[in-house]
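Visitor: Before anything else, here's the structure in question.
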Amino acid sequence: MAKSNILLIYTGGTIGMVKDYASDSLKAFNFKKLLQRIPELNQLDCAIDSVSFKEPIDSSNMNTVHWVQIAEIIAENYDRYDGFVVLHGSDTMSYTASALSFMLENLSKPVIFTGSQLPIGDLRTDAKENLITSVQIAALTEKGKAVVQEVGLYFEYKLLRANRTTKINAEHFEAFQSMNYTPLVSSGVHLKVHKEALLPRKRQKKLKVHKSLDSNVGILKLFPGLGQNLLQSILSTPGLKGLVLETYGSGNAPTETWWTEMLKKATASGLKIVNVTQCAGGGVIPGQYETSVHLKKMKIINGGDITTEAAITKLMYLLGVGTSDKTFKSVFETSLRGEMS
């Protein structure tokens, strides 16, 4: 049986850093020397190649141009490799991984995002386990086909659906959670694949990479005391096409007249407003409380249990591909890559 070929894509982040003891700072190391740093990778039953951003970046500097760059690397190498592992800083990993899930249509191979809280050179690093297991998962096959055929995020013994994740901790090794969806794979003494949680395999079609993302979008988190001037300034932002509204609880928002009238005017002018909950778990249930009935009547887009990260990247994607005003609401409210229940 032929070995799986896996491509590592290093974008930057803590996982690819080593300590420079002369300056007491972290610096990126040459990924061509990866096997020297992690000799355990030689024991995996797969062949591993790596490619790095010309200038690795801190994930706080990640933007849509970089997302396209990652997608292009995958597209250019899609036929040569059986799986991809993207090494990425943890701070914006959920955003990037969510975006890639929408950008890579008809994906039939694993694209696994991972990173670490401590650099590879650190004695107590989580980088080795995260990287080794991510490669192992990317190489999993059954009857000659990849077991995982979607974009995932692996951290601290769990593979999660990428567009269901949120970073919840800046210090613990268990940095990510998927509050509304079960893990795809659990790592213990053995790898346990939860097949019922994976996206169902479809008839294999040619990979389609969407590179047009519209970043004329925004996020507004509601808070008691949010005033007319702030809302007006956001809604009147030049070029704004989409807004993710982080509401209270199950999708509730103020019912004051000025608030309602401003949103009505904005939606009438074509602004796409998506209602998501600012709660870590659960989702939007329009009309459950009186304080969400007015949003339902305005036909504000129901984000269900989508994460903010997936909502904003889905907005960019749908606006970028030119989804019509007539179908935009229904398309957004449809799960395209398993991002909503």
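Visitor: DSSP beta bridges in the range 4-209, what fraction antiparallel, as a percent rounded to 5?
Guide: 50 percent
Visitor: Here's something else I'd like to know. Over the Cα atoms of the chain, what radius of gyration and what Dmax do you get, in Å?
Guide: 20.9, 68
Visitor: I would also like to ask the following. For the chain, calculate the relative contact order in percent as a whole number, restricting contacts to Cα pairs under 8 Å that are 6 or more residues apart.
Guide: Averaging sequence separation for qualifying contacts and normalising by length gives 15 percent for the chain.
Visitor: Then there is this: Where does the chain land at 222 nm, in deg cm²/dmol rounded to the nearest 500, when only DSSP H runs of n ≥ 4 count, each adding -39500 (n - 2.57), divided by all residues?
Guide: It lands at -7500 deg cm²/dmol.
Visitor: Name the residue from PRO183, SER60, THR96 whose Cα lies farthest towards the positive end of the charge dipole of the range 4-209, charges +1 on Cβ of Lys and Arg and -1 on Cβ of Asp and Glu.
Guide: Of the listed residues, the answer is PRO183.
Visitor: Using the charge dipole of the chain (Lys, Arg: +1 at Cβ; Asp, Glu: -1 at Cβ; taken about the Cα centre), state which of GLN232, LEU123, LEU336 has its Cα farthest towards the positive end.
Guide: Value computed over the given set: LEU336.
Visitor: Related question: Let me understand the range 85-140 better: what is its radius of gyration from the alpha carbons, and its Dmax, in angstrom?
Guide: Spelled out, the Cα radius of gyration and Dmax of the range 85-140 are 12.4, 40 Å.
Visitor: Applying the Karplus parametrisation 6.51 cos²θ - 1.76 cosθ + 1.60 with θ = phi - 60° to the phi angles of the range 164-170, what ³J(HN,Hα) value in whole Hz is obtained for each residue in order, glycine and proline being reported as x?
Guide: Here the 3J(HN,Hα) series is 10, 9, 9, 6, 10, 8, 9 Hz.
Visitor: A further question follows. Would you please classify the overall shape of the range 220-340 from the alpha carbon gyration tensor, given that a ≥ b ≥ c denote the square roots of the eigenvalues, rounded means a/c under 1.5, and beyond that prolate means a/b larger than b/c while oblate covers the rest?
Guide: oblate
Visitor: Right, something else. Radius of gyration and Dmax for the range 91-185's Cα atoms, expressed in Å?
Guide: 13.2, 40
Each reported figure results from applying straightforward, stated rules to the coordinates on display, with no laboratory input. Computed from a predicted model, the values in this text were never measured in an experiment. Using ideal geometry, Cβ is built from the backbone for each residue, glycine included, and neighbour counts are taken over all protein chains shown.
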